[in-house]
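Taking it in order: structure first as structure tokens, then the write-up.
The values are calculated or read from the model by the stated rules, or taken from the named source; none is laboratory data. Keep in mind it's a predicted model, so treat the numbers as computed, not measured. Ideal geometry is used to build each Cβ from the backbone, glycine not excepted, and the neighbour counts take in all protein chains shown. These area figures cover heavy atoms from the full protein model, side chains too; ligands, DNA and RNA do not enter into them. Shrake-Rupley method; radii C 1.70, N 1.55, O 1.52, S 1.80 Å.
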Amino acid sequence: MAKLIFGCGYLGRRVAGLWQQRGDVVYAVTRAATRAESLRREGIRPLIADITAAFPTGERFWPAEIDTVLYAVGYDRGSAASIHDVYVGGLGKVLDGLTDSVKRLIYVSSVGVYGDAGGDWVDEEAPCRPIREGGKASLAAEELLKAHRLGNRAIILRLAGIYGPGRIPRSEALVTAQPIDAPAEGYLNLIHVDDAAAIVLLAEAKASLPRTYVVSDGQPVVRGDYYRELARLLAAPAPVFVPPTENTPAAQRAAGNKRVNNRRLKDELAPKLRYP
């Protein structure tokens, strides 16, 4: 059987690599011919389509042997489409275009669906009250997926903040002594991109359907402690924290204070984290 990825970017490419190591054929959807060439050089078979526009459906476009779909689409802030159009509208078009050969659909969501918990713990059963537009769109997409005919084949992964090579939050600001526009209090929840990719494959292999997991390393860290340690590792000046400007993405991120409990992930999928 084969795998199909929507959103073959920072996370998706690593998942593709793990599938390829296992001997699976991997397809990925992209809008751009130049991107298609890049994927092809990595042994990934590109399919050119735009999930926010007119969209192909049926087996004439999708290879019939695809059994697992990974939907890991991020939002390009330079896009003319809204985040709701991409996360919800795009997913709806994908769902309607897929055939019944798909046995598992893994949707990458976000712990942003929870909003603010006042520093308390949240898990898969906690109420969702998203603050940011990304969290609202992710939650709407989850609900769309659950209500769809393929919803009983869905695995929803609510990812904490992804970090890894080339993506260390605020590292440039620390090195250049720029202030951090967030309170030193409050928690960060994180997962290394390589661990997140491995968890996708574990979920594919082991999860009962349908199922939702929060995906984090289970070690929430106080924001001030995180940035002070990061500054030490970078040999940068100690961080300076300033209040974020009201009604900005930074202010909304700072307001989402919670600690993510990954007990279900550990009990059911038993990941061996490389970066615990």
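Would you check if there is a residue in the range 30-46 being in a loop (DSSP other than H, G, I, E, B), open to solvent by 10 Å² or more (accessible area, probe 1.4 Å) and either touching an Asp or Glu at 6+ places or on another chain (Cβ under 9 Å) or under 30 Å from Pro127 (Cα atoms) (or both)?
yes
Scan the range 223-269 for residues that are among the hydrophobic types (A, V, I, L, M, F, W, C), in a loop (DSSP other than H, G, I, E, B), in contact (Cβ under 8 Å) with a residue 24 or more places away in the chain and open to solvent by 30 Å² or more (accessible area, probe 1.4 Å) and report the count.
3
So if I check each of Ala117, Ala173, Ala141, Ala137, which one is assigned to a loop (DSSP other than H, G, I, E, B), open to solvent by less than 60 Å² (accessible area, probe 1.4 Å) and of a type in the set (A, V, I, L, M, F, W, C)?
Ala117
Out of the residues in the range 204-216 meeting the condition of being open to solvent by less than 30 Å² (accessible area, probe 1.4 Å) and more than 14 Å from the chain's Cα centre (by Cα), tell me which one is nearest to Ile162 (Cα to Cα).
To start, the set of residues in the range 204-216 that are open to solvent by less than 30 Å² (accessible area, probe 1.4 Å) comprises 204, 207, 212-216.
Then drop every residue that is not more than 14 Å from the chain's Cα centre (by Cα), which leaves 204, 207.
On the way: Glu204: 20, Ala207: 22 Å.
For the range 204-216, the residue satisfying everything is Glu204.
Taking into account only those residues within the range 92-131 that are closer than 24 Å to Arg223 by Cβ and aromatic (Phe, Trp, Tyr), which is farthest from the chain's Cα centre (by Cα)?
Trp121
Looking at the range 62-107 only, could you name the residues that are open to solvent by 10 Å² or more (accessible area, probe 1.4 Å), in a strand (DSSP E or B) and out of contact with any helix residue (DSSP H, G or I) (no Cβ under 9 Å at 6 or more places or on another chain)?
Asp67 - this is the single residue of the range 62-107 that is open to solvent by 10 Å² or more (accessible area, probe 1.4 Å), in a strand (DSSP E or B) and out of contact with any helix residue (DSSP H, G or I) (no Cβ under 9 Å at 6 or more places or on another chain).
Could you list, in sequence order, all residues of the range 152-162 that are surrounded by 18 or more Cβ atoms within 10 Å (Cβ to Cβ) and under 30 Å from Asn247 (Cα atoms)?
Listed by number, the residues that qualify are Ile156, Leu157, Arg158, Leu159, Ala160, Ile162.
Only residues that are modelled with pLDDT of 95 or more and touching a helix residue (DSSP H, G or I) at 6+ places or on another chain (Cβ under 6 Å): list them for the range 239-267, please.
Once the filter is applied, which keeps residues that are modelled with pLDDT of 95 or more and touching a helix residue (DSSP H, G or I) at 6+ places or on another chain (Cβ under 6 Å), the range 239-267 yields Pro239, Lys258, Val260.
In the range 1-19, what residues are open to solvent by less than 10 Å² (accessible area, probe 1.4 Å) and of a type in the set (Phe, Trp, Tyr)?
Those that are open to solvent by less than 10 Å² (accessible area, probe 1.4 Å) and of a type in the set (Phe, Trp, Tyr): Phe6, Trp19.
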